[in-house]
Ligand code: T5A
């Protein structure tokens with residue numbers, strides 16, 4: 001596949017959406033993307049029409065009961081299977097770039113470390129849902145749980161955001177472990193927005209600049 005899949009991961013409020021918007025402007029003008037390649041922005045859950053419906057179900061479920069943890073895991077896997085097959089893989093095959101707000105790392109962090117579901121089972125599901133597709137580069141926006149809570153104070157929480165501090169602390173630990181195991185690029189997300197953006201830019205230049213691309 002000639003396109004590139006870039007992913008932003010991290011706990012709630014770490015600034016993914018803010019940086020995604022910045023990269024939407026910066027990347028196409030950066031000179032890093034081949035001529036003719038377009039940048040496609042997307043997110044999980046909710047990157048396809050089916051995914052939008054699944055997002056609603058999983059974050060704001062109908063009725064009083066929350067989904068069981070296993071049902072929740074399968075809903076995220078269904079969203080990803082549809083997203084990869086319908087949108088991400090065909091886009092990469094056409095040589096375009098995809099920038100995704102969350103990917104399979106989030107399932108390991110939230111459902112694995114947060115909900116404490118079996119990590120091996122989640123990795124098997126990851127293989128099935130992605131059909132082996134691995135991001136070219138994943139950024140981990142590292143933010144403390146305390147700062148995450150401060151940033152979210154002003155707005156209403158969805159079901160997962162309302163889980164509480166212990167849950168979010170386990171998720172944050174999970175992201176730290178995954179970042180190490182999977183060689184994600186860590187970025188300090190508690191800096192000013194502009195500083196996080198320029199750290200992202202320099203990492204992208206480092207990974208996709210002319211020298212690196214000629215060595216691929
Ligand atoms: N989930 C998802 C799972 O449990 N399993 C899975 O497999 C997947 C894929 C998704 C939820 O689903 C869960 C995780 C999530 O709980 P979502 O709406 O995508 O829901 O939620 P988030 O990804 O958490 O989105 P947020 O909007 O909460 O966080 P962002 O996008 O990381 O942060 P952003 O950019 O919106 O910023 C949040 C606030 O902080 C400010 C912004 O202005 C904004 O007010 N901010 C900064 N303030 C100071 N300094 C900076 N550097 C700042 N950057 C941003």
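The table that follows gives values for the structure above.
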quantity	calculated
First in segment 35-49 and part of a strand (DSSP E or B), second anywhere and modelled with pLDDT under 95, Cβ under 7 Å, 6 or more apart	none
Failed condition for residue 67, given (1) over 20 Å from residue 174 (Cα atoms); (2) out of contact with any helix residue (DSSP H, G or I) (no Cβ under 6 Å at 6 or more places or on another chain); (3) touching a residue at least 12 places away in the same chain (Cβ under 8 Å)	(3)
Test: residue in segment 96-117 that is at pLDDT 95 or above, under 16 Å from the mean Cα position of the chain (by Cα), in a loop (DSSP other than H, G, I, E, B) and within 8 Å of the ligand (Cβ to nearest atom)	yes
Among residues of segment 109-150, those that are under 12 Å from residue 11 (Cβ atoms) and touching a residue at least 12 places away in the same chain (Cβ under 8 Å), counted	13
Top-ranked residue of segment 139-155 - restricted to ones that are exposed (fewer than 14 other Cβ atoms within 10 Å of the Cβ) and not in a helix (DSSP H, G or I), ranked as modelled with the highest pLDDT	153
Residue match in segment 170-188 (condition: closer than 24 Å to residue 52 by Cα and in contact (Cβ under 8 Å) with a residue 12 or more places away in the chain)	yes
Test: residue in segment 187-204 that is more than 27 Å from residue 63 (Cα to Cα), in a strand (DSSP E or B), at pLDDT 95 or above and within 11 Å of the ligand (Cβ to nearest atom)	yes
Number of positions in segment 67-77 that are surrounded by 13 or more Cβ atoms within 10 Å (Cβ to Cβ) and not in a helix (DSSP H, G or I)	1
Conditions (1) assigned to a helix (DSSP H, G or I); (2) under 13 Å from residue 80 (Cα atoms): number failed by residue 133	(1)
Residue match in segment 1-12 (condition: farther than 18 Å from residue 122 by Cα and without any contact (Cβ under 8 Å) to a residue 24 or more places away in the chain)	no
Residue within segment 28-37 that is surrounded by 15 or more Cβ atoms within 10 Å (Cβ to Cβ) and out of contact with any helix residue (DSSP H, G or I) (no Cβ under 9 Å at 6 or more places or on another chain) present	no
Subset of segment 1-34 [more than 9 Å from the ligand (Cβ to nearest atom), touching a strand residue (DSSP E or B) at 6+ places or on another chain (Cβ under 8 Å) and part of a helix (DSSP H, G or I)]	23, 24, 27, 28
Condition check for residue 48: farther than 30 Å from residue 192 by Cα, more than 16 Å from the ligand (Cβ to nearest atom) and under 19 Å from the mean Cα position of the chain (by Cα)	no
Segment 177-186: number of residues that are in a helix (DSSP H, G or I) and surrounded by fewer than 16 Cβ atoms within 10 Å (Cβ to Cβ)	3
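The values are calculated or read from the model by the stated rules, or taken from the named source; none is laboratory data. These numbers come from a predicted model, not from an experiment. Don't worry about glycine lacking a Cβ; one is built from the backbone with ideal geometry, like all the others, and counts go over all protein chains shown.
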